[in-house]
Amino acid sequence: MRQATGPGTKGVPRQERERRILAAATLRFGTDGYRRTSLEAVAAETDISKALILSLFGSKDALHLRCVREAGEVLVAAITEVLETSQAEYMASDTLRCIFESLRHRRYDWELLHDTTVVETTEGGRAALAYRAAIRSLAMDGTYALLGPSGPVDPVDRDILTDVWLGMLSALVNWYQRHIDEVSIPEMLQRCTTVATTVGNVAQIAGASRIGSVETKLGFGS
């Protein structure tokens, strides 16, 4: 592994050094996972010495926590804005759009929050769990907006639809993250519509009369 010596950052303001380190650490934690990421790898990405990284952040766990907090705040804020501004029938597609747009600038945020190699005994692991819970809570609010107009909301239906939505969301976001350089956001949203339509057709065949067409319920219609 290439060893970083740090002279390239001489005279660089502390805030800029931290920004570079956080960007490199998010990339490494997002691609390799918490367990397999070392401070030496982050140092090599930035040409900033491990000693300087430790002086700025204190430890690998503290650096990971900062990365998780940045990723979580960005994603939760973006999804919250969708719920506050979008019509119910467009919430799902608008949520996907805002996440895809965020990944264009911060490609590894979603993977960072869903890293299976981090244990919940670390501060970063607990923070990631809390942000995932916040995203689930927002999803619950979205499903209530979708089911509410149909009459009284059955809590079991709401819980099931939330799990279905989060499963689809994770699958679509993970696929997009892997192919982000090959697929435009409009093309990806169109593919999401195709997937939702197909799932909706399967649900109708299976007799899911309460949930109905996933395409309609999840807001992928034109």
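The values are calculated or read from the model by the stated rules, or taken from the named source; none is laboratory data. Because the structure is predicted, anything quoted here is derived from the model rather than measured. With ideal geometry, Cβ positions are generated from the backbone for all residues, glycine too; neighbour counts draw on all protein chains shown. All accessible areas refer to the heavy atoms of the entire protein, side chains included, with ligands and DNA or RNA removed. Shrake-Rupley method; radii C 1.70, N 1.55, O 1.52, S 1.80 Å.
Annotations for the structure displayed:
- Extended-chain gain in nm, criterion 0.36 nm per residue less alpha-carbon gap, D61 and T85: 5.0 nm
- Carbon/sulfur fraction of accessible area - the stretch 119-178, other protein chains in place, 1.4 Å, %: 60
- In this calculation the C-beta distance from V119 to T31 is compared with R0 = 22 Å, giving a FRET efficiency of 0.70.
- Of all accessible heavy-atom area on the stretch 7-104, the percent that carbon and sulfur account for (1.4 Å): 49
- Using the Cβ-Cβ distance between A51 and S170 with R0 set to 35 Å, the FRET efficiency from 1/(1 + (r/R0)^6) comes to roughly 0.40.
- Per residue value of the accessible surface for the stretch 52-170 (all protein chains in place, 1.4 Å probe), Å²: 46
- Label-zone membership for the stretch 20-55, site R14, 7 angstrom Cα→C-beta point, backbone N under 17 Å: 20-22, 49, 51-55
- Estimated FRET transfer efficiency when R0 is 25 angstrom, pair I160-V202 (beta carbons, to 0.05): 0.95
- Packing-based order for 186-198, 132-144, using average beta carbon neighbours within 10 Å, highest first: 132-144, 186-198
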